[in-house]
């Protein structure tokens, strides 16, 4: 991937605090280029999940600026539903509608937000369910699926909106170990297809395999932002080296 690729996400000097006044993000700046896969990692409480939620305005910021595909997040007059349709988000928990069939979960936002016909939405949904290996489950309800299958449905639902970027917030951390690989396989395929991705994860094997860059955060700050090989073979900051020494020991 070319280093001169146009940034899809631009985060500039972002600071965020909760009501306690304690900053969760401190002057954070980074970019994600078109077609790039960036993994954000760090210890619990480092601000990585908060940062990714700020990208599609699920969390407001107090200072700085976030731009997605040329549109300022939280800017005056921004159409948030339309923006969020262009920024696919996959959460730790699946956030599927339990009373709706899998197919209906995928079709709802396409019809309501994008204005697609039901026929068009179903065609798109079936193709994406096939892509994630779940076409045969279109008529089932989420409760009839395993956790890994539900997460793959959540990925397909996000893709159904034709996003310019996909955000993953600890997408495998709530899964049983046997189900993690089936979700990571879908994420690897998505990355290799050229999708722009920002991924908060502790899955360092995934990071090594597909990430172009690794951003390491601690105490609300970006401590290191390095090409993947550099990060794993010679992290520059003592804090990142300490983190890797603990998670890569076993």
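Any read-out appearing in this document is the output of simple, stated calculations on the displayed coordinates, not a laboratory observation. What you see is a predicted model; the values in this text were computed from it and never measured. Backbone-built Cβ (ideal geometry, glycine too); neighbour counts: all protein chains shown.
Below are the figures for this structure:
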read-out: Length added when fully stretched, residue 86-residue 146, from 0.36 nm per residue minus Cα-Cα; value: 18.9 nm
read-out: Helix 102-112 vs. the chain, principal-axis angle (Cα, 0 to 90°, nearest 10); value: 80
read-out: Residues residue 95 and residue 178, FRET efficiency given R0 of 22 Å [Cβ-Cβ distance, rounded to 0.05]; value: 0.50
read-out: DSSP-defined antiparallel bridges as percent of all bridges, the chain, nearest 5; value: 55
read-out: Potential extension, residue 62-residue 237 segment - 0.36 nm per residue separation minus Cα distance; value: 60.2 nm
read-out: Contour excess over end-to-end distance, with Cα ends at residue 202 and residue 162 and 0.36 nm allotted per residue; value: 11.7 nm
read-out: C-alpha long axis of helix 118-131 to longest principal axis of the chain, angle in °; value: 60
read-out: Taking all pairs of distinct alpha-carbon atoms in the range 135-213, Kirkwood radius in angstrom; value: 13.2
read-out: Folded to 0 to 90 degrees: helix 238-247 orientation relative to the chain principal axis, Cα; value: 50
read-out: Cβ-based exposure ranking for 209, 112, 76, in which fewest neighbours within 10 Å come first; value: 76, 112, 209
read-out: Value of [θ]222 nm, deg cm²/dmol, for the chain, DSSP H segments ≥ 4, -39500 (n - 2.57) each, nearest 500; value: -11000 deg cm²/dmol
read-out: Computed E for residue 193/residue 44 - FRET, C-beta separation, R0 35 angstrom, nearest 0.05; value: 0.65
read-out: Descending Cα extents along the principal axes, the range 1-57, whole Å; value: 42, 21, 17
read-out: Cα centroid separation - the range 16-38 against the range 173-216, whole Å; value: 20
read-out: Percentage of interatomic Cα-Cα distances in the chain larger than 27 Å; value: 36
read-out: Label point distance in nm, residue 17-residue 135, each placed 7 Å from Cα along Cα→Cβ; value: 5.4
